[in-house]
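Notes for the one structure printed next.
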Amino acid sequence: MSYDDGDVDQVAYSHRTVAMLRAVAAGRAVMTCSAEPDLFIDGLPCCDQFAAHELTHHGLVYPSHPGQVGQRVPARLTPTGLGLVAELTVTA
């Protein structure tokens, strides 16, 4: 899957997931390199790793570069993720 074809219709957007996306957009998040990546914000693990997995699997968040399994790397938003954050910010 390319990083610009996110499946935004399949993700439930709670206040928590929107906050997670905003933290990634602000450069405050890292993620582990794995099939089920964990997300860390400001050095702390997210309390909802299921949501972190969903954001990744639906093409909204991706690792900034490849790494060893389990290695933490900066998290980035895909173009779809960036568009979603912009849209959610306008409607909030």
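The values are calculated or read from the model by the stated rules, or taken from the named source; none is laboratory data. It should be emphasised that the depicted structure is a prediction, and the values quoted were computed from it without experimental measurement. Counting neighbours? That spans all protein chains shown, and the Cβs are built from the backbone with ideal geometry, glycine included.
With the requirement that a residue be aliphatic (A, V, I, L, M) and either part of a loop (DSSP other than H, G, I, E, B) or surrounded by 17 or more Cβ atoms within 10 Å (Cβ to Cβ) (or both), what does the range 35-81 give you?
The initial filter retains those residues of the range 35-81 that are aliphatic (A, V, I, L, M), namely 35, 39, 41, 44, 51-52, 55, 60-61, 69, 73, 75, 77.
If the condition is that a residue be aliphatic (A, V, I, L, M) and either part of a loop (DSSP other than H, G, I, E, B) or surrounded by 17 or more Cβ atoms within 10 Å (Cβ to Cβ) (or both), then ALA35, LEU39, ILE41, ALA51, ALA52, LEU55, LEU60, VAL61, VAL69, VAL73, ALA75, LEU77 are the ones that fit.
Of all residues in the range 11-22 being without any contact (Cβ under 8 Å) to a residue 60 or more places away in the chain and crowded, with 16+ Cβ neighbours inside 10 Å, which is farthest from ARG72 (Cα to Cα)?
In the first step, residues of the range 11-22 are kept if they are without any contact (Cβ under 8 Å) to a residue 60 or more places away in the chain; the result is 11-12, 14-17, 19-20.
Going one step further and asking which of them are crowded, with 16+ Cβ neighbours inside 10 Å, we end up with 11, 17, 20.
On the way: VAL11: 24, THR17: 20, MET20: 16 Å.
Per the criteria, the residue is VAL11.
Looking at the range 64-73 only, could you name the residues that are free of Cβ contacts under 8 Å to residues at least 24 places away in the same chain and either of a type in the set (Gly, Ala, Ser) or within 15 Å of GLU36 (Cβ to Cβ) (or both)? Give the steps one after another, and end with the answer.
Just the residues of the range 64-73 that are free of Cβ contacts under 8 Å to residues at least 24 places away in the same chain, to begin with: 64-65.
Of everything in the range 64-73, just one residue is free of Cβ contacts under 8 Å to residues at least 24 places away in the same chain and either of a type in the set (Gly, Ala, Ser) or within 15 Å of GLU36 (Cβ to Cβ) (or both), namely SER64.
Kindly indicate whether any position in the range 60-82 is farther than 11 Å from LEU21 by Cα and aliphatic (A, V, I, L, M).
Within the range 60-82, one or more residues are farther than 11 Å from LEU21 by Cα and aliphatic (A, V, I, L, M).
Taking the range 42-53, which residues are aliphatic (A, V, I, L, M) and either modelled with pLDDT under 95 or in contact with a His (Cβ under 8 Å, 6 or more places away or on another chain) (or both)? Give the steps one after another, and end with the answer.
Looking only at the range 42-53, we keep the residues that are aliphatic (A, V, I, L, M), and these are 44, 51-52.
Scanning the range 42-53 gives ALA51, ALA52.
Could you tell me which of the residues THR17, THR32, THR56 is among the hydroxyl-bearing types (Ser, Thr, Tyr) and at pLDDT 95 or above?
Result: THR32 is the single residue among THR17, THR32, THR56 that is among the hydroxyl-bearing types (Ser, Thr, Tyr) and at pLDDT 95 or above.
Based on this model, can you work out whether VAL61 counts as under 13 Å from GLU36 (Cα atoms) and modelled with pLDDT of 95 or more?
Details: under 13 Å from GLU36 (Cα atoms): yes; modelled with pLDDT of 95 or more: yes.
The answer is yes for VAL61.
Scan the range 23-34 residue by residue and report those that are buried (at least 17 other Cβ atoms within 10 Å of the Cβ) and either touching a His at 6+ places or on another chain (Cβ under 6 Å) or within 13 Å of LEU77 (Cβ to Cβ) (or both).
Filtering the range 23-34 for residues buried (at least 17 other Cβ atoms within 10 Å of the Cβ) gives 23-25, 29-32.
Hits for the range 23-34 are ALA23, VAL24, ALA25, ALA29, MET31.
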